[in-house]
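Only one structure is covered here, and it is reproduced in the block below.
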Amino acid sequence: MRTGQVVVIGAGLAGLSAALHLLGAGRAVTVLEQEDRPGGRVGGQEYDGYTADTGATVLTMPELLDEALAAAGQPNPLRLVRLDPAYHARFADGSSIAVRTDGDAMEAEIRAFAGAREADGYRKLRRWLTELYAVEKDRFLGANFDSPLDLARPELLKLLALGGFGRLGPRIGRFLGDERLRRLFSFQALYAGLDPRTALAAYGVIPYMDTIAGVYYPLGGMGRVGRVLADAAERAGARLRFKTEAAWLERVSGRVRAVRTRAGERIECDAVVLATELTTAYRLLGARPRRPVPLRFSPSAVVMHGRTGRSWPELGHHTIFFGAAWKRTFAEIIREGRLMSDPSLLVTRPTATDPSLASSGQVVSVLAPAPNLRAGRIDWSRVGPAYREELVRVLASRGLTGFGEAYRVDELVTPRDWADRGLAAGTPFSLAHTFTQTGPFRPRNLVRGMENVALAGCGTTPGVGIPPVLISGRLAAARITMIT
């Protein structure tokens, strides 16, 4: 067993995944976290009488949690509920459909919603998404890249044959003619910071995860995920230190010898995993990425957390309210830096699955995509409260009668707030997955000139979302175990 001393900075899911994999490889691990709890962008917050999920709300590919825990010989105590439907979708024309991950059930939904031809197209789309994921799973999503030449794998030809380097929106359109259904299987590109019409078709793996692999919810709230991983790491021997902020890295030539904390403490190490915001990692290293074009960040989001004493049959656990101006929405928030003129909104009601999250009533969070701070110069201190009222009115007009009177907002989070929490460009979704920020072109998890440092998190390989950040922790651990 090796005993290299590794410091992991950041106790989000990427950092905790790295810690568990390092522990399994026999390394001694210390995790430093500036906040008072683990989980990072997958967290929960207690308000007056209820708990809301304040970060990611969609959990897919839970087997990656099992993998990280098993690496350190730990069981998974999470009680996961598979959501069925995974989503409800409501459209501007008043129509609605439930998104089910069982193939037969979803085919029946689509046949009733849009007819037999669309149901047949869905079957073909499902096969394509499944093949796409099978090709990408191990050699693209789950692999370290050292140069673009690493793309030269047999799977590349398969990905080309599947149309993975075309555009997602048009590719979905080959299977589905109904515009509403096209949205349903392509809106996930926004998770990657992209317009579905221009996103690489390879990002069909995201709708695969949502609409085929399944969406889950941990009883006790999303914040349970980080706590379970942190507890497992401690049981396996890691030292977890909260409210401990790394200030700088003590370097000798190209090696980090110690981490200095904000309180002045010196923690010696043989290697470091920086599982932080990408810009924070570069600041700690005193380095900047060498890239021919500037980094491009994903759109941000305005989020409301609150509670209501009412219920509406239109609201499932996850409900997407699509506006009519779908194409214009992406132009506004990505290219023009403006608020959506016809909002499309994600409404999450976790008490639909776990009533214990509230002492009474329903917990409801509303997410509205918005420009990041680099794309749009919006005075959020002035605009935020007015936009909150507008979003409430929009939902009331789309079937949630009386929503404005019944819904109490306890927290409004704007791009300015995300920035105040240390997130670059005021977005929780990190770097957009443009072609030049995908695969070997995304910032590497190794830093030029640094011999014993690896990066983890949504800003590096493989990217944004709970499954990718768990993978990023494993990939960073693999880098470190090669050198310690």
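Structural remarks
- Put simply, of ALA432, ALA406 the only residue that is open to solvent by less than 10 Å² (accessible area, probe 1.4 Å) and in contact (Cβ under 8 Å) with a residue 60 or more places away in the chain is ALA432.
- Annotation note: of GLY226, GLY306, the sole residue that is touching a strand residue (DSSP E or B) at 6+ places or on another chain (Cβ under 6 Å), assigned to a helix (DSSP H, G or I) and farther than 30 Å from GLU155 by Cβ is GLY226.
- Residue tally, condition crowded, with 16+ Cβ neighbours inside 10 Å, aliphatic (A, V, I, L, M) and modelled with pLDDT under 95, over the range 92-143: 3
- Qualifying residue in the range 234-246 (condition: in a helix (DSSP H, G or I), touching a strand residue (DSSP E or B) at 6+ places or on another chain (Cβ under 9 Å) and closer than 15 Å to GLU33 by Cα): yes
- Only one of the numbered conditions (1) modelled with pLDDT of 95 or more; (2) closer than 25 Å to LEU194 by Cα is violated by GLU389, and that is (2).
- Qualifying residue in the range 9-23 (condition: open to solvent by 20 Å² or more (accessible area, probe 1.4 Å), closer than 25 Å to THR279 by Cβ, assigned to a helix (DSSP H, G or I) and in contact (Cβ under 8 Å) with a residue 12 or more places away in the chain): yes
- If you go through the range 108-133 and keep only what is hydrophobic (A, V, I, L, M, F, W, C) and more than 16 Å from GLY214 (Cβ to Cβ), you end up with ALA108, ILE110, ALA112, PHE113, ALA114, ALA116, ALA119, LEU125, TRP128, LEU132.
- Filtered by the rule that a residue be hydrophobic (A, V, I, L, M, F, W, C), in contact with a Gly (Cβ under 8 Å, 6 or more places away or on another chain) and either part of a helix (DSSP H, G or I) or at positive phi (or both), the range 190-208 gives ALA192, ALA201, ALA202, ILE206.
- Taken together, ALA271, ALA233 contain a single residue that is of a type in the set (Gly, Ala, Ser), at pLDDT 95 or above, within 24 Å of the chain's Cα centre (by Cα) and under 30 Å from ASN76 (Cβ atoms), which is ALA233.
- Contact map, the range 439-454: first residue in a loop (DSSP other than H, G, I, E, B), second residue β-branched (Val, Ile, Thr) and surrounded by fewer than 16 Cβ atoms within 10 Å (Cβ to Cβ), Cβ cut-off under 6 Å, separation 6 or more or different chains; pairs are ASN452/ILE483.
- If you go through the range 425-438 and keep only what is among the aromatic types (Phe, Trp, Tyr) and assigned to a loop (DSSP other than H, G, I, E, B), you end up with just PHE429.
- Of the candidates SER311, SER341, SER381, SER360, the single residue that is part of a loop (DSSP other than H, G, I, E, B), open to solvent by 10 Å² or more (accessible area, probe 1.4 Å), hydroxyl-bearing (Ser, Thr, Tyr) and in contact with a helix residue (DSSP H, G or I) (Cβ under 8 Å, 6 or more places away or on another chain) is SER341.
- Search result, residues across the range 59-81 that are assigned to a loop (DSSP other than H, G, I, E, B) and open to solvent by 30 Å² or more (accessible area, probe 1.4 Å): GLY73, GLN74, PRO75, ASN76, PRO77, ARG79
- Among the residues of the range 250-286, those identified as in contact with a strand residue (DSSP E or B) (Cβ under 7 Å, 6 or more places away or on another chain), of a type in the set (Gly, Ala, Ser) and either closer than 15 Å to GLU33 by Cβ or open to solvent by 10 Å² or more (accessible area, probe 1.4 Å) (or both) are ALA275, ALA281.
- With respect to being crowded, with 19+ Cβ neighbours inside 10 Å, of a type outside the set (Phe, Trp, Tyr) and either at pLDDT below 95 or part of a loop (DSSP other than H, G, I, E, B) (or both), GLY221 fits the description.
Yes/no per residue for (1) modelled with pLDDT under 95; (2) in contact with a Leu (Cβ under 6 Å, 6 or more places away or on another chain); (3) aliphatic (A, V, I, L, M):
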| position | (1), (2), (3) |
| --- | --- |
| LEU367 | no, yes, yes |
| GLY376 | yes, no, no |
| ARG393 | no, no, no |
| LEU446 | yes, no, yes |
| THR460 | no, no, no |
| ALA478 | no, no, yes |
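- Residue in the range 393-403 that is surrounded by the most Cβ atoms within 10 Å (Cβ to Cβ), counting only those that are of a type outside the set (Ser, Thr, Tyr) and either free of Cβ contacts under 8 Å to residues at least 60 places away in the same chain or over 26 Å from ASP48 (Cβ atoms) (or both): ARG398
- Here VAL135 clears all of (1) in a helix (DSSP H, G or I); (2) of a type in the set (Val, Ile, Thr); (3) touching a strand residue (DSSP E or B) at 6+ places or on another chain (Cβ under 9 Å) except the condition numbered (3).
- Residue match in the range 299-307 (condition: of a type outside the set (A, V, I, L, M), more than 24 Å from LEU13 (Cβ to Cβ) and either touching a residue at least 24 places away in the same chain (Cβ under 8 Å) or open to solvent by 70 Å² or more (accessible area, probe 1.4 Å) (or both)): yes
- The listed residue being surrounded by fewer than 22 Cβ atoms within 10 Å (Cβ to Cβ) and of a type in the set (A, V, I, L, M), out of ALA324, ALA370: ALA324
- Condition check for ARG41: over 24 Å from HIS318 (Cα atoms) and either in contact with a strand residue (DSSP E or B) (Cβ under 9 Å, 6 or more places away or on another chain) or part of a loop (DSSP other than H, G, I, E, B) (or both): no
The values are calculated or read from the model by the stated rules, or taken from the named source; none is laboratory data. Predicted model only: the values in this text are computed from it and were never measured. Note that we place each Cβ from the backbone using ideal geometry, even for glycine, and neighbour counts take in every protein chain shown. Ligands, DNA and RNA are excluded from the accessible area calculation, which covers all protein heavy atoms including side chains. Shrake-Rupley method; radii C 1.70, N 1.55, O 1.52, S 1.80 Å.
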